[in-house]
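I have placed the structure first, in the form of structure tokens, so that the comments after it can refer back to it.
The values are calculated or read from the model by the stated rules, or taken from the named source; none is laboratory data. These numbers come from a predicted model, not from an experiment. Cβ atoms come from the backbone with ideal geometry, glycine included; neighbour counts cover every protein chain shown. Side chains are part of the model used for accessible areas, which takes the heavy atoms of the whole protein and leaves out ligands, DNA and RNA. Shrake-Rupley method; radii C 1.70, N 1.55, O 1.52, S 1.80 Å.
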Amino acid sequence: MTKKIIYVMVSVIVMLTACKQEKYNKDPNRPTEVGAQAILPNVIFNSFKNRYPWQPGLAVRQATATSDRQAYQTYEWANGDWAEFNLLRDVTKMMESAKGAKEYLAIGKILRAHNFFFLTRMYGSVPYSDALKGQQSNNYQPKYDSQKDIMLGILNELEEANQLLIKPEAAITGDILYNGDLKKWRKLANSYKLRVLLMLSKKESDQDLQIAKRFNDIISNPGLYPIFERDEDEAKISYRDYENIRYPLYMDFNVRNKRFIGKTLADLLKKLEDPRLFYYATPFLNAASQGKTDFDAYEGIDASKSLTAATEDASSGNYSRVNSHNYTELPIGKPSLGFSYAELMLAIAEASERGWVQANADVFYELAVQSSFKFYDVEGSAATYLTRNPLSSVKENALNQIYEQRYILFNAQSDFESFFHYHRTNYPVIVNGQGQATSTVPFRLLYPTDEQRVNAGNYKDALKAQGFNADNILMKPWLYQ
Amino acid sequence: MLIWAGTDVDMRDFKNYWKAGKENYEPVYFNYSWINNPYYMAYEQTQSLSRNKFFGVGSADYQISKSFSATLRQSAEVSGTTNEMKYPYGYIGANAIKGNYELTDANVSEYNTDAFIKYASTLGKFGINAFVGGSINFKQNMLHNSKTQGLQVPKIYNLSNSIGSVLSTNSLTQYARNSLFASADLSYDDAYFLSLTERVDVSSALPETNNQYSYPSVSGSVILSKLLGMPTSSFLKVRGSWAMVRADLAPYQYSSYYNPSIIYDGNNSVTYSPVLGNERLRPQKTTGYELGTNASFFGGKLTVDLTAYRYVDSESIYDQNASLASGFTRYKINGNRFNRFGFEAILGTNLKISDQVELTSTINWSLNRNKLAEIYGGADNLGGIKVGDRMDLYMTNNSMQKAPDGQLIIGANGLPVKDTELKTLGHIGPDWTASWFNNFRLFKQFNVSFLLEGRVGGIDQANLNQQLWYSGAHPDAVGPDREAYTRGEPYVAKGVNLVNGQYVPNTYKTTYKDFSEQYWYRMNGESNVFDLTFLKLREVSIGYDLPKSLLDKFKLNIKGASFSVVGSNLFIASAFPLSDPDIGNGGTNGNILQFPSSRNVGFNLNVKF
């Protein structure tokens, strides 16, 4: 009898030790460690794609939404989501996975600069030096840094990237932007500095920043600080007819049905007789029957009207829609201009007008127009256009023309750049009316709701440090003061 | 159909859902931008499931001696499921304008091996039942999913018909848990009972350093009616238990991984998990006790059952919120303490009112609470919830600003102004729930029963209400204001304007449509919240047992047969607009579209051979 008990017990014990729990611990479908090149396509694509393809257009009157209230147009702005920090998580992991390979580190720094540059302009102070340390040091409540410190930090990181790329040693893979051409990444790093410095134009007198001097140093030393030399150097992402990487507005019924070209943009393009209008918009329905052709066949809707009035305009057939074929029917469409050659040319033209650099603003203005015209397949018209609209020799007029070209360039491109430049230059003139809930254009989004609950101490300190008596979209950040 | 089709749209016009001359390519409907023709969806956009399942148990019992026995048991459950999703050409949504086809194969198997040695014996007034044993639980899930990126030729639902490459993924999930346990049930004099258990688990879902955990329990009961010498027509038992429960989590959840991201020109990329894993995660722990009584008096004419429990969840495996600027949305911890307690009472009666009428009636009443007791890391709130609060609070930061006297503040555009302050307006779960069941047995052959159910307390968003206001199809949206809107007249909302620090009656104009949309759809955090209290006649049933004499006539060896007519959800009284507030019955469920209550009437035929 005891023998039988022993047999049973032994078989139980043998069975129980047969299963090795540790074998089933780790997920066999997903890695915990990868090489930097496996993360690179993701962070490049998501940094430079059109992340906000229609939202900024409503905010600066490039497009008008009808029928549904759109908060970007009515300025009923609320809490943002800091989604760029999700991207920055992957950038951080990419830099860790590079295991010291300086080529990947340089690219990581450029991507960090790009994303933090957006975050700080959209929100004000945000965590920067303490950010992204959740995994390394369990810091789940990072402190916020001032806009000025972040801008200086960004400029430093771009210079570090420049240094790391002086003599690249190893080839990289996964580079869907420049296909491994590290010279172009170096040009991007330095050109990006110019983008940042231009945004700081209201701080010309700040001795820590020395904007004019820095700008001039870069332009005058192409050997040390190579910048974009042609269209092919720009940061541009082409879309593909494949899952998750199609043109962002493809099959977007909102844009197809409820978006009209904004009056501000349409009037500007008509005044300049700018052929890019034909890509952006379609002739209004009644144009042919009214005998209107060419530029006269286009009319924009004024977004300061009440939504009801704007919607009536929309159904009247006398106003031009946003070109639904170009924006919603092509799975590939035009590439995303994350940072275009044309934008850089306009930046240098403006710096020259402001007296930061000794350069012929005319030349850069023309290069910008030619580049943008080429992008929209109308380069043949560039010469006549420039003859008709030459850069003025009067500084105020010239600056205004540069702002106009930038406004046209950024239509449906470059995310919120036209919004940030609006607050820097007050171009274009934006009037708020029945269609808006505020009397002025907001400066920023509110911090995410979670921040108030999870990071309350640092959140309150940041508001105080910026002189905001509350987290409000109408509080003016340091950058525009 | 309910929300967006105007009253002038006759759905029956769309029964023939293909456009003439464009069969299989283009559907017809009154709207081509947002929604699909329901007939087209019903017949063309189909999901199919085919499952083969095997379930088997084999066991061997061996009587070792008079008191000892041993059991070895093996069970296996293996199922293979094939799922197909078909989208026709012209489908709005799901990225399927050129149709699509998705094929999923899932193979799930679970094996359990158990071995016990049991002991049963009596020693005078003492009785003992005990067992020692172990078990191995192994689960495996193999999943393979493929889908097309549009169809070259419509109606050919095959992966080879894909425009562009087929997107495929596969995954394997495995889980193993070994356990050892011991249990002893002791009784004395058939009046005192005591149970003790202890269990040790080793789980593959936890990190190696913390994958073993043990948990005991004690429970006992006393048959008071026996001890106090109560008449045999009465029964009174008091019971209590204390238990510690430990648990693991789903497989692979404690680590951080890279997930697939975009594939660009053949460059596959990955993205890191937004929730930070914890390589030192421990099993969860719940400790608590339960007390209760079961009583029956007057030979079963009156029954009373009472239960109270209190459990504390400590060491909860929780995804704690982090500032997104840290790089992660959440991070896994063991922490946060929750106190759960509740009370349930069941009162029943079995009455013989007369020779032909018997009544069984039961009232059921229960109350449950889950409260936050402690926050990990000493923060003062957990997602807005403070220590001592219920975990099911309703909070919003999307309401409308009001003047001190409660009037709505209207801005210069004639519309309410948004209030972004985080407010707690109540809780979502009930204060208590109750039900009352009655069954009359008449003439020994008829059963007439009805069940009433109700809940008191709790609030939530009324989603259908909100959507109908948005589309203008809401019954309350019809009236003089709407007629004025159709005539093109402006609308001046009831409220106040803040002018130079003073509140003056509103004079700013807007349209009725804009105002309704703002009030009910966009700033709905407070305005679209309603009480979930309801009283429902959940079921009425009238049944008839066919007499044995009739059944015998059929000579089919039928042992019993009954026929009943059952009506469910027959009547509901609730302030909740337009939908059924009864959770679990198509009622409110977070942010999913809710449905109106539906009445069902059916019948049952039950035959026993």
Entirely in the range A:405-478, the helices (runs of 4 or more DSSP H) that have 2 or more residues that are within 30 Å of A:Leu346 (Cα to Cα) and open to solvent by less than 30 Å² (accessible area, probe 1.4 Å): A:417-425
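Residue by residue, here is whether (1) aliphatic (A, V, I, L, M); (2) over 25 Å from A:Ile218 (Cα atoms); (3) in contact (Cβ under 8 Å) with a residue 24 or more places away in the chain holds:
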| site | (1), (2), (3) |
| --- | --- |
| A:Pro331 | no, yes, yes |
| A:Ile348 | yes, no, yes |
| A:Gly355 | no, no, yes |
| A:Leu367 | yes, no, yes |
| A:Phe375 | no, yes, yes |
| A:Leu409 | yes, no, yes |
| A:Gly433 | no, yes, yes |
Qualifying residue in the range B:342-360 (condition: farther than 30 Å from A:Thr440 by Cβ and within 14 Å of chain A (Cβ to nearest Cβ)): no
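Return yes or no: is B:Glu374 of a type in the set (D, E, K, R), touching a Leu at 6+ places or on another chain (Cβ under 9 Å), more than 14 Å from chain A (Cβ to nearest Cβ) and surrounded by fewer than 17 Cβ atoms within 10 Å (Cβ to Cβ)?
no
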Residue match in the range B:76-84 (condition: assigned by TED's automatic domain parsing to the domain that holds B:Lys147 and assigned to a loop (DSSP other than H, G, I, E, B)): no
Some residue of the range B:73-86 being within 14 Å of chain A (Cβ to nearest Cβ), touching a residue at least 40 places away in the same chain (Cβ under 8 Å) and at positive phi: no
Single condition B:Tyr157 does not satisfy, out of (1) modelled with pLDDT of 95 or more; (2) assigned to a strand (DSSP E or B); (3) of a type outside the set (Gly, Ala, Ser): (2)
Any hit, the range B:410-425, residues being open to solvent by 50 Å² or more (accessible area, probe 1.4 Å), hydroxyl-bearing (Ser, Thr, Tyr), in the same structural domain as B:Arg455 (by TED's automatic domain parsing) and assigned to a strand (DSSP E or B): yes
Leading residue by the ranking (farthest from the other protein chains (Cβ to nearest Cβ)) among those in the range B:144-183 that are hydrophobic (A, V, I, L, M, F, W, C) and out of contact with any helix residue (DSSP H, G or I) (no Cβ under 9 Å at 6 or more places or on another chain): B:Ile156
Which listed residue, of A:Ala368, A:Ala383, A:Ala398, is out of contact with any helix residue (DSSP H, G or I) (no Cβ under 7 Å at 6 or more places or on another chain) and either at pLDDT 95 or above or within 14 Å of chain B (Cβ to nearest Cβ) (or both): A:Ala383
Which numbered condition B:Ala434 fails, given (1) free of Cβ contacts under 8 Å to residues at least 40 places away in the same chain; (2) among the small types (Gly, Ala, Ser); (3) in a strand (DSSP E or B): (1)
Helices (runs of 4 or more DSSP H) within the range B:503-558 that include 3 or more residues outside the structural domain of B:Ala484 (by TED's automatic domain parsing) and surrounded by 19 or more Cβ atoms within 10 Å (Cβ to Cβ): none
Cβ-Cβ under 6 Å pairs, at least 6 apart or on other chains, the range B:208-232 side within 14 Å of chain A (Cβ to nearest Cβ) and part of a strand (DSSP E or B), far side open to solvent by less than 40 Å² (accessible area, probe 1.4 Å) and modelled with pLDDT of 90 or more: B:Gln212/B:Val202; B:Tyr213/B:Asp201; B:Tyr213/B:Pro283
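Is it true that some residue in the range B:270-286 is of a type in the set (A, V, I, L, M), open to solvent by 20 Å² or more (accessible area, probe 1.4 Å), more than 9 Å from chain A (Cβ to nearest Cβ) and out of contact with any helix residue (DSSP H, G or I) (no Cβ under 6 Å at 6 or more places or on another chain)?
Within the range B:270-286, one or more residues are of a type in the set (A, V, I, L, M), open to solvent by 20 Å² or more (accessible area, probe 1.4 Å), more than 9 Å from chain A (Cβ to nearest Cβ) and out of contact with any helix residue (DSSP H, G or I) (no Cβ under 6 Å at 6 or more places or on another chain).
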Residue within the range A:56-75 that is part of a helix (DSSP H, G or I), touching a helix residue (DSSP H, G or I) at 6+ places or on another chain (Cβ under 7 Å) and hydrophobic (A, V, I, L, M, F, W, C) present: yes
All positions within the range B:449-502 that are hydrophobic (A, V, I, L, M, F, W, C) and either within 25 Å of B:Ala403 (Cβ to Cβ) or open to solvent by 40 Å² or more (accessible area, probe 1.4 Å) (or both): B:Phe450, B:Leu452, B:Val456, B:Ile459, B:Trp469, B:Ala473, B:Val478, B:Val492, B:Ala493, B:Val496, B:Leu498, B:Val499
